[in-house]
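Since every read-out is calculated from the coordinates, none of them should be taken as a lab result. Computed from a prediction, not measured in an experiment: that's the story for all the values here. Using ideal geometry, Cβ is built from the backbone for each residue, glycine included, and neighbour counts are taken over all protein chains shown.
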Amino acid sequence: MHKIFIDCKEGTTGLRIYERFANRSDITLLTISDDLRKDPQERKRLINEADIVFLCLPDAAARQAVALCENPDVRIIDTSTAHRTADGWSYGFPELSTGHRRAIETGKRIAVPGCHACGFIALAYPLITAGILPTDYPLVCYSVTGYSGGGKSMIAQYQCKDRSVELNSPRQYGLTQKHKHLPEMRTVCGLAQDPIFSPIVADFYSGMTVSLPIYTNLLLKSVSPADIHEIFARHYEGEKMVKVLPFDSNGEGGFLGTNNLSGKDYLEILVSGNEERVLLCARFDNLGKGASGAAVQCMNIMLGLDDATGLYLE
């Protein structure tokens, strides 16, 4: 029986992880009383007692929590931005390569990808490693997400009956091009420069579509949309948590909905476009493969279990 502690299970990500453990008999959840949730000594005790700790905290608090860990056998899965490009931490995206999966299997410190970064990297990484997409390509990426990605404060803002009329429309943010997911997007893919990244939040609870348009004449090899689709199909062959849609897919009647996988823990990839301009899209739940689902998947791998154990694929 594996002892698991979720540091801040009351937050959006932590609660979703907690829900994924509801019917599991292979783990024991270590819990903290409400009046001690912010007590550093009680948190320290539970962190060091656990086999695996999930950190569902802001960046600074996540770093503080890691410092509380004195037991060398404790393995930590951090869902914050704090350690995604840090030395000594493995990046929690096992489908990228056998090396990434092996690092999760054996690692003591795992950083879960950011939601936007997950979609971007799922699209860019296979093309770069296949020698198709140059690392100095001037990438432009846009991403539409549900408001749950903004945490409790944004959820309350959108669900308030007296909310601003502005919230009825999609809102672009990250206007300064300094979004916190950019460092991992660049580092994990080995890019020469940050992509231009435009995230958009809209009036639905959860779901995300990350889109990456590509000019074929700027690629390193002459390829068709079908060739690019085949690269993705080979790269993600056999993976349960990343599914490549058939090449003739056209979304839902020519539209690609963004909340279709709300509540699910896997990611879909769509390749469309034409011989000159290819559109790559990754669709998933920002709280699923984009956060809690990815964290639980990493734990499953660390424990030698099937990736999808306890996760929602149907």
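At a glance:
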| read-out | value |
| --- | --- |
| Number of the condition not met by ALA294 [criteria: (1) surrounded by 22 or more Cβ atoms within 10 Å (Cβ to Cβ); (2) not in a helix (DSSP H, G or I)] | (2) |
| Hits in the range 210-248 (condition: hydroxyl-bearing (Ser, Thr, Tyr) and either touching a Cys at 6+ places or on another chain (Cβ under 7 Å) or crowded, with 18+ Cβ neighbours inside 10 Å (or both)) | SER211, THR216, TYR236 |
| Inter-residue pairs, beta-carbon under 6 Å, first touching a residue at least 12 places away in the same chain (Cβ under 8 Å) and over 11 Å from PHE5 (Cα atoms) and in the range 39-59, second surrounded by fewer than 15 Cβ atoms within 10 Å (Cβ to Cβ) and of a type in the set (Phe, Trp, Tyr), 6+ apart | none |
| Tabulated pairs, the range 150-173, first touching a residue at least 40 places away in the same chain (Cβ under 8 Å), second part of a helix (DSSP H, G or I), C-beta under 7 angstrom, 6+ apart or interchain | GLY151/THR12; LYS152/THR12; MET154/TYR147; ILE155/TYR147; ILE155/SER148; TYR158/TYR147; TYR158/LEU167 |
| Pair list, Cβ < 7 Å and 6+ apart or interchain, from the range 294-305 residues that are without any contact (Cβ under 8 Å) to a residue 40 or more places away in the chain to residues that are among the hydroxyl-bearing types (Ser, Thr, Tyr) and assigned to a loop (DSSP other than H, G, I, E, B) | ASN300/THR309 |
| Near pairs, Cβ below 6 angstrom, 6+ apart or cross-chain, from the range 194-219 (aromatic (Phe, Trp, Tyr)) to any residue that is assigned to a loop (DSSP other than H, G, I, E, B) | PHE197/HIS179; PHE204/ASN259 |
| Residue in the range 102-116 that is assigned to a helix (DSSP H, G or I), closer than 14 Å to ALA295 by Cβ and within 19 Å of the chain's Cα centre (by Cα) present | yes |
| So THR85, is it within 18 Å of SER292 (Cα to Cα), in contact with a Ser or Thr (Cβ under 6 Å, 6 or more places away or on another chain) and not aromatic (Phe, Trp, Tyr) | no |
| Total residues in the range 285-302, condition more than 8 Å from the chain's Cα centre (by Cα) and of a type in the set (D, E, K, R) | 1 |
| Tally, over the range 137-146, of residues that are under 21 Å from ARG16 (Cα atoms) and either part of a loop (DSSP other than H, G, I, E, B) or out of contact with any Pro (no Cβ under 9 Å at 6 or more places or on another chain) (or both) | 1 |
| Candidates ILE121, ILE128, ILE132, filtered to the one that is surrounded by fewer than 20 Cβ atoms within 10 Å (Cβ to Cβ), part of a helix (DSSP H, G or I) and of a type outside the set (Ser, Thr, Tyr) | ILE128 |
| Unique match (being small (Gly, Ala, Ser) and crowded, with 18+ Cβ neighbours inside 10 Å) among GLY207, GLY251 | GLY207 |
| Leading residue by the ranking (farthest from ILE301 (Cα to Cα)) among those in the range 56-79 that are part of a loop (DSSP other than H, G, I, E, B), out of contact with any Cys (no Cβ under 8 Å at 6 or more places or on another chain) and of a type outside the set (Asp, Glu) | PRO58 |
